[in-house]
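**Student:** Take a look at the following structure, please.
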Amino acid sequence: MQIRLVCVGNLKEKFWQSAIEEYKKRLQKFCNLQIIELDEQNKYQDVNKILSEEGKSIIANLGGYNILLDIEGKLCSSEELANKIKQTLLTSSTITFIIGGSYGVSDEVKKSVQERISFGKITMPHNLARVVALEQIYRAFMINSGAKYHK
């Protein structure tokens with residue numbers, strides 16, 4: 001089974017990279033994790049142009065069952081995410097999670113995914129969102145395996 005994380009932007013600070021590496025290591029026993037970093041289109045002044053160009057890159061990297069992490073998506077608890085992953089992997093060998101850039105994602109991206117979920121109504125930088133997403137994916141696998149990580 002493969003978990004893919006498609007992200008706009010890259011991790012510049014070492015502490016974000018360290019956190020990501022830790023969750024990549026932990027997830028190795030559960031899945032093949034692929035992180036795809038897409039360039040931010042900050043060379044454009046127009047937000048709609050940025051969203052359009054980033055959206056094209058995101059859509060080109062979709063695959064399997066696609067879940068957009070979106071503040072406007074359906075609120076999702078850790079247990080619900082665990083169940084979603086378990087059920088989805090019965091019919092698809094790949095789940096792709098998408099994290100947009102600082103302006104979010106285009107309507108085309110929203111229309112191209114099977115599901116939009118939210119971990120809460122707060123806004124967070126996409127670097128932090130990436131760490132939170134990987135932690136929650138790891139927690140979901142731990143829940144599904146019956147391990148004691150989840151409290």
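The values are calculated or read from the model by the stated rules, or taken from the named source; none is laboratory data. Model, not experiment: these values are computed from the prediction. Methodologically, a virtual Cβ is constructed for each residue, glycine included, from the backbone with ideal geometry; neighbour enumeration extends over all protein chains shown.
**Student:** Limited to the stretch 91-131, what total is found for residues that are on the phi > 0 side of the Ramachandran plot and either among the acidic types (Asp, Glu) or surrounded by fewer than 14 Cβ atoms within 10 Å (Cβ to Cβ) (or both)?
**Tutor:** Total satisfying the criteria: 1.
**Student:** Of the conditions (1) modelled with pLDDT of 95 or more; (2) over 14 Å from the mean Cα position of the chain (by Cα); (3) under 19 Å from GLN28 (Cβ atoms), THR96 fails just one. Which one is it?
**Tutor:** Among (1) modelled with pLDDT of 95 or more; (2) over 14 Å from the mean Cα position of the chain (by Cα); (3) under 19 Å from GLN28 (Cβ atoms), THR96 violates only (2).
**Student:** Is at least one residue of the stretch 55-69 at pLDDT below 95 and loosely packed, with under 12 Cβ neighbours inside 10 Å?
**Tutor:** Within the stretch 55-69, not a single residue is at pLDDT below 95 and loosely packed, with under 12 Cβ neighbours inside 10 Å.
**Student:** Which residue pairs have Cβ atoms closer than 6 Å, lie 6 or more positions apart in sequence or on different chains, and pair a first residue in the stretch 8-36 that is more than 13 Å from PHE141 (Cβ to Cβ) and in contact (Cβ under 8 Å) with a residue 40 or more places away in the chain with a second residue that is among the polar types (S, T, N, Q) and outside any strand (DSSP E or B)?
**Tutor:** LEU11/GLN17; LEU11/ASN127; TRP16/ASN127
**Student:** Just for strands (runs of 3 or more DSSP E) wholly inside the stretch 1-102: which have at least 1 residues that are of a type in the set (Lys, Arg) and under 15 Å from GLU135 (Cα atoms)?
**Tutor:** Result: 2-8.
**Student:** Do the conditions hold for ILE98, that is, is it touching a residue at least 60 places away in the same chain (Cβ under 8 Å) and either within 19 Å of GLN41 (Cβ to Cβ) or of a type in the set (Phe, Trp, Tyr) (or both)?
**Tutor:** For ILE98, the condition - touching a residue at least 60 places away in the same chain (Cβ under 8 Å) and either within 19 Å of GLN41 (Cβ to Cβ) or of a type in the set (Phe, Trp, Tyr) (or both) - is met.
**Student:** Here's something else I'd like to know. Which one is modelled with the highest pLDDT, of the residues in the stretch 135-151 that are more than 19 Å from the chain's Cα centre (by Cα) and among the hydroxyl-bearing types (Ser, Thr, Tyr)?
**Tutor:** Among them, the one singled out is SER145.
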